[in-house]
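**Student:** Can you keep this structure in mind? I'll have questions shortly.
The values are calculated or read from the model by the stated rules, or taken from the named source; none is laboratory data. Since the structure is predicted, the reported quantities are computational estimates derived from the model, not experimental observations. Quick reminder, even Gly has a Cβ in these numbers, built from the backbone with ideal geometry, and neighbours come from all protein chains shown. Accessible surface is based on the protein model in full, side chains and every heavy atom, while ligands, DNA and RNA are left aside. Shrake-Rupley method; radii C 1.70, N 1.55, O 1.52, S 1.80 Å.
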Amino acid sequence: MKPVAIARVNLLRFFRNRSVVFSVFLLPMFIVLLLGAMQGGASTPKLGFVALGEDSFTSEFLGILEGVGGFEVVQIDDESQAVRQVERGALRAALVVPAGYEATLRSGGDVEIRMVTRAAQEVQGITEMIDAAVTRQATLLRAARFAEQKGAGTFDEALAVAEVTQTKLPAVIVLASMAGEPFALAGLGQFDIYAQGMLVLFIFITTLNGATNLVQSRQLRVSHRMYSTPTPVRTMIAGEALSRFTIAIIQGAFIFVGTWLIFGVDWGSPIGASLTIIAFALVATAGAMLLGAMASNEQQASGISTALGLGLAALGGCMVPLAVFELLSDTVYRVAHVTPHAWALEAFQALVAEDAGVGDIAGFLAILLGYVVLLGLLATWRLRRTLVR
């Protein structure tokens with residue numbers, strides 16, 4: 001079949017370029033890794049705990065921290081090691097409990113617990129939890145000290161009574177209720193949002209760059225010679241489109257499987273995600289065909305494909321999540337949905353955050369296919385006009 005033969009030639013030309021391995025396969029994975037690592041994601045923050053001495057009060061303080069929740073407590077023997085891990089980002093913060101912690105508290109002295117962190121904003125939330133743990137232990141110690149001073153027994157006896165009494169006190173329960181819609185990114189993990197954005201961005205920009213092949217065929221009058229044979233325009237477009245679509249699917253499948261295996265990215269329903277990738281690959285293919293039919297030369301096609309690819313990606317939510325657009329301005333959010341990128345990302349986010357199925361994203365897929373039909377018709381019309389001149 002002629003379309004398959006045309007596609008085969010284009011694919012051979014494409015994969016002979018050694019830079020393809022980096023730009024098509026390695027670069028998207030590297031960017032997902034970089035952005036995900038910088039963001040820190042929804043993983044449980046880790047708090048280092050360094051005890052410079054061993055006593056019952058230090059052990060009790062550690063137990064209180066572990067019971068607070070909201071972070072993972074990691075015991076570290078050496079203070080310098082804890083500082084290095086904070087510097088490298090392995091720990092969100094580290095607490096250093098001094099030697100003689102229990103003896104100082106028993107004597108009524110003040111104890112300074114050192115907290116090490118890279119930036120104050122990185123421990124927002126953790127600081128409050130640590131303060132709660134310190135306050136809980138301090139309250140028991142003050143109660144025991146007060147009872148001892150009033151002659152109610154020794155410090156240890158009063159502390160034991162305070163601990164028992166605390167467990168018998170009625171609990172204060174805070175009932176939380178939700179107001180408004182949940183944040184759209186709440187169900188996404190550390191690398192999920194970036195994997196989705198990079199998949200959409202690179203499929204579109206890589207496929208759009210393939211328009212230069214069609215421009216080159218026109219400049220060398222290969223397309224004209226084919227048109228002079230019993231080869232209709234639709235066959236030529238089908239062959240060119242098949243090669244672009246194949247590249248888009250290969251790249252999309254690589255990012256999909258690679259991010260799932262390496263970074264544990266959740267793509268939701270595999271069928272739904274696959275259909276979204278196929279639909280968006282068709283959109284990118286139709287866009288590449290239209291650009292290839294309109295551009296005057298390879299340089300123009302290359303420049304337009306890069307500018308248009310990055311511009312639409314930024315506007316469509318590949319670089320800044322759509323949910324952020326919605327929070328900033330309804331107008332910006334609506335304008336973003338002029339791009340097919342926004343609809344593809346909406347489908348991906350629904351699959352993950354809302355556990356949607358194929359039926360739930362059918363509307364998004366239909367809109368993407370609408371782009372395919374529109375761009376495909378324009379590309380066919382434009383290429384036909386070019387060839388009959």
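**Student:** It is to be established whether one or more residues within region 101-108 are basic (Lys, Arg), closer than 17 Å to residue 134 by Cα and in a strand (DSSP E or B).
**Tutor:** Step one: filter region 101-108 for residues basic (Lys, Arg), giving 106.
With the extra rule that they be closer than 17 Å to residue 134 by Cα, the set shrinks to 106.
So of that shortlist, the ones also in a strand (DSSP E or B) come out as none.
Checked against the condition, which is being basic (Lys, Arg), closer than 17 Å to residue 134 by Cα and in a strand (DSSP E or B), region 101-108 yields no hits at all.
**Student:** Find the helices (runs of 4 or more DSSP H) located wholly in region 1-95 whose residues include 3 or more that are polar (S, T, N, Q) and over 30 Å from residue 238 (Cα atoms), and list them.
**Tutor:** Correct list: 56-68, 79-88.
**Student:** One residue is enough: does region 97-107 have a residue meeting the conditions under 43 Å from the mean Cα position of the chain (by Cα) and crowded, with 17+ Cβ neighbours inside 10 Å? Show your work before the answer.
**Tutor:** Here is the first cut: in region 97-107, the residues under 43 Å from the mean Cα position of the chain (by Cα) are 97-99, 101.
Then drop every residue that is not crowded, with 17+ Cβ neighbours inside 10 Å, which leaves 97, 101.
So far as region 97-107 goes, yes, one or more of its residues are under 43 Å from the mean Cα position of the chain (by Cα) and crowded, with 17+ Cβ neighbours inside 10 Å.
**Student:** Still on this structure, please answer the following. If residue 50 satisfies every condition in (1) among the β-branched types (Val, Ile, Thr); (2) open to solvent by 60 Å² or more (accessible area, probe 1.4 Å); (3) at pLDDT 85 or above but one, which is the exception?
**Tutor:** In the conditions (1) among the β-branched types (Val, Ile, Thr); (2) open to solvent by 60 Å² or more (accessible area, probe 1.4 Å); (3) at pLDDT 85 or above, residue 50 misses (2) alone.
**Student:** Checking the condition touching a Leu at 6+ places or on another chain (Cβ under 8 Å), more than 30 Å from residue 157 (Cα to Cα) and not β-branched (Val, Ile, Thr), which residue from 65, 95, 91, 105 passes?
**Tutor:** Working: 65 fails: more than 30 Å from residue 157 (Cα to Cα); 95 fails: more than 30 Å from residue 157 (Cα to Cα); 105 fails: more than 30 Å from residue 157 (Cα to Cα).
The conditions single out 91.
**Student:** Another question about this same structure. Can you name the residue in region 74-96 that is farther than 15 Å from residue 117 by Cβ and touching a Gly at 6+ places or on another chain (Cβ under 9 Å) and is also surrounded by the fewest Cβ atoms within 10 Å (Cβ to Cβ) among such residues?
**Tutor:** Restricting attention to region 74-96, the residues satisfying the condition of being farther than 15 Å from residue 117 by Cβ are 75, 77-78, 80-81.
Retained after the next criterion (residues that are touching a Gly at 6+ places or on another chain (Cβ under 9 Å)): 75, 81.
On the way: 75: 11, 81: 13.
In this case the residue turns out to be 75.
**Student:** Could I ask something else about it? In region 285-334, what residues are touching a Phe, Trp or Tyr at 6+ places or on another chain (Cβ under 6 Å) and over 13 Å from residue 210 (Cβ atoms)? Walk me through it before giving the result.
**Tutor:** Going through region 285-334, the residues touching a Phe, Trp or Tyr at 6+ places or on another chain (Cβ under 6 Å) turn out to be 285, 309, 325-326, 332-333.
Those that are touching a Phe, Trp or Tyr at 6+ places or on another chain (Cβ under 6 Å) and over 13 Å from residue 210 (Cβ atoms): 325, 326, 332, 333.
**Student:** Could you give every pair whose Cβ atoms fall below 7 Å, whose first residue belongs to region 17-36 and is open to solvent by less than 50 Å² (accessible area, probe 1.4 Å) and of a type outside the set (Lys, Arg), and whose second residue is at pLDDT below 80 and not in a helix (DSSP H, G or I), counting only separations of at least 6 or pairs across chains?
**Tutor:** Here the result reads 36/190, each pair linking region 17-36 to a residue that is at pLDDT below 80 and not in a helix (DSSP H, G or I).
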